[in-house]
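All remarks here apply to the structure that follows.
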Amino acid sequence: MKTEVRGNTTSISLQNPSLFNAPQSSLSGALKGCLGSLDGACIEKLLLHCASALESNDVTLAQQVMWVLNNVASSVGDPNQRLTSCFLRALVSRASRVCPTTMSFNGSGTIQRRLMSVTELAGYVDLIPWHRFGFCASNSAILKAIQGYPKVHILDFSITHCMQWPTLIDALAKRPEGPPSLRITVPFCVPQVPPLLNVSTEEVGLRLGNFAKFRDVPFEFNVIDGSSSTSGEIIMSKESSTLHFESLLSHLTPSMLNLRDDEALVINCQNWIRYLSDERNTLDASLRDAFLDIIKGLNPSIVLVVDEDSDLSASSLTSRITTCFNYLWIPFDALETFLPKDSCQRLDYESDIGHKIENIISFEGFQRIERLESGGQLSQRMKSAGYISLPFCEETVSEVKSLLDEHASGWGMKREEDMLVLTWKGHNSVFATAWLPNGLEPCVDLSG
């Protein structure tokens, strides 16, 4: 981050400020080279000192560094200050678990988890191309892969509540030979992460069905039967989250999914695989690898995997802070280019990023569900699991470029091998990949 942070706007309150009256000599190392101004590099340095102090149970030093950060952080400041506010909140949350009687966080600053209407969600995904990039690249590849099929079945594993599909339905309606019948199947359990919707999955399916009917596309919507589950929520506990996902995997069979020989099967994974546990024991594969193995056995016509291009899986807190800080500044910086500092849309979007940062920084073990791997790591995992990559065609590239033209000039796209990568000011943001099980021949050449 290049932007300098100046000013002392305080947006986060720490109780018992007298705790910070200890001698400041232990801060000298953290502040060395940061006199006069606190730019991104100095803020990162302070965050790492705080993390190191927490890892070594040096509560006094952690409090002192937080005091300095608290005088920089502001949820309505410049991008660095807003990002610092999120990291400070996460560090205080972590510290309160280490020493809850010594340090507590003013409840007024806690992150509120809001529920959006469908209309608000549409505006949310349109704000910056963070999600639409993956939608656009995937939909274009899907249209190529299903050419000639009268029936299409999409298994949709995503966290954006089917916002990808109206555009695809519209494109199918315009197919010269007429639209295929479209069946979309979604899981009964999804990670409870933003964006959160205020209507049920079934209601989303009804709305999609109404739109498909309006566009004269035969449509069917199914939720994978999870009769053992009383709701679609993933509760943040090791037992329930693991059991929910294990139950889901047990439902991914041709018979339970009612797969049909005359339909093209599409498997769509948007910001999904990161939430499957990668922990394994000596006998079993991880849930992440088991999922890839199971869907490979369904013989899909194409598998799309889209996610954020960063490695946030490290066990070391300091490593995660460094990677997270040097990655999640991107949406803060992008929003700064077109929304005022007090924009409700901006504050809500950044609050959702703060929720992610808190999970990455504040939690460990089974409670830390945000375990991203980079596009390169995911590609290696897919190849090891028996998939071959499919390159995106020039038509897809053109469509994505047209999408990016609707947004700020800092957004761009590049190819890395067969991946398409969304960039902001040259920094990798989101990757999109297409895959086929090894040994299956693609019905259509996506690169053509």
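The values are calculated or read from the model by the stated rules, or taken from the named source; none is laboratory data. Remember, predicted model here, so these are calculated numbers, not experimental data. Positions of Cβ are backbone-derived with ideal geometry, glycine not excepted, and every protein chain shown enters the neighbour counts. What goes into the accessible areas is simple: the full protein's heavy atoms, side chains included, and nothing from ligands, DNA or RNA. Shrake-Rupley method; radii C 1.70, N 1.55, O 1.52, S 1.80 Å.
Among residues other than G205 whose Cβ falls under 12 Å from its Cβ, what is the net charge (Lys/Arg +1, Asp/Glu -1)?
Residues close to G205 contribute a combined charge of -2.
Please list the three semi-axes, largest first and in whole Å, of the ellipsoid equivalent to the stretch 328-448, using sqrt of 5 times the eigenvalues of its alpha carbon gyration tensor.
31, 23, 10
Through the Karplus equation 6.51 cos²θ - 1.76 cosθ + 1.60, θ set to phi - 60°, convert the phi angles of the stretch 285-302 into ³J(HN,Hα) values in whole Hz; use x for Gly and Pro.
Karplus values, whole Hz, x for Gly and Pro: 6, 5, 4, 5, 6, 4, 4, 4, 5, 5, 5, 4, x, 7, 6, x, 6, 6.
Ordered by residue, what ³J(HN,Hα) values in Hz, to whole numbers, does the stretch 68-73 give under the Karplus form 6.51 cos²θ - 1.76 cosθ + 1.60, where θ = phi - 60° and Gly and Pro are x?
Along the stretch 68-73, the couplings run 5, 4, 5, 8, 9, 5 Hz.
What whole-number volume per residue, in cubic angstrom, does the convex hull of the C-alpha atoms of the stretch 294-376 give?
Normalising the Cα hull of the stretch 294-376 by residue number yields 152 Å³.
Please work out the C-alpha center-to-center distance from the stretch 159-200 to the stretch 295-309 and express it in whole Å.
Centre-to-centre (Cα) distance: 16 Å.
First select every other residue whose beta carbon is under 14 angstrom from the beta carbon of Q377; then total the charges, Lys and Arg +1, Asp and Glu -1.
For residues surrounding Q377, the net value is -4.
What residues qualify as long-range amide H neighbours of F188, i.e. H under 5 Å apart, gap of 5 or more or another chain, H built at 1.01 Å from N?
Excluding prolines and chain starts, which carry no amide H, the hits are I224.
For the stretch 211-216, in order, what is each residue's ³J(HN,Hα) by Karplus, 6.51 cos²θ - 1.76 cosθ + 1.60 with θ = phi - 60°, in whole Hz (x at glycine and Pro)?
5, 4, 5, 4, 9, 6
Considering only protein heavy atoms and a 1.4 Å probe, what is the carbon-and-sulfur percentage of the accessible area of the stretch 267-376?
Values: 1870 of 3660 Å².
That share works out to 51 percent.
Just to be sure I understand the curve: with the Debye formula and one point per C-alpha of the stretch 363-415, what is log10 I(q)/I(0) at q = 0.25 Å⁻¹?
-0.96
At a 10 angstrom cut-off on C-beta neighbours, averaged per residue, how do the peptides 114-122, 54-62 rank from highest to lowest?
Numbers: 114-122: 14.1, 54-62: 16.3.
Descending mean neighbour count gives 54-62, 114-122.
So who's got an amide H within less than 5 Å of the one on A264, skipping anything under 5 residues away but keeping other chains? H placed 1.01 Å off N, in plane.
Those qualifying (amide H under 5 Å, at least 5 residues apart or on another chain) are K151, V152, H153.
Determine the sum of side-chain charges near Q270: Lys and Arg each +1, Asp and Glu each -1, restricted to other residues whose C-beta is under 14 angstrom from that of Q270.
Working: positive: R132, R274; negative: D156, D307, E308, D309.
Residues near Q270 contribute -2 overall.
So for the stretch 264-407, what percent of the C-alpha to C-alpha distances run longer than 24 Å?
Of the Cα pairs, 46 percent sit more than 24 Å apart.
Considering only DSSP states other than H, G, I, E and B, which chymotrypsin sites (Phe, Trp or Tyr not before Pro) in the stretch 289-385 qualify as loop sites with at most 15 other Cβ atoms within 10 Å?
Values: sites: F291, F325, Y327, W329, F332, F338, Y349, F363, F366; in loops: F338, F363.
Hits after loop and neighbour filter: F338.
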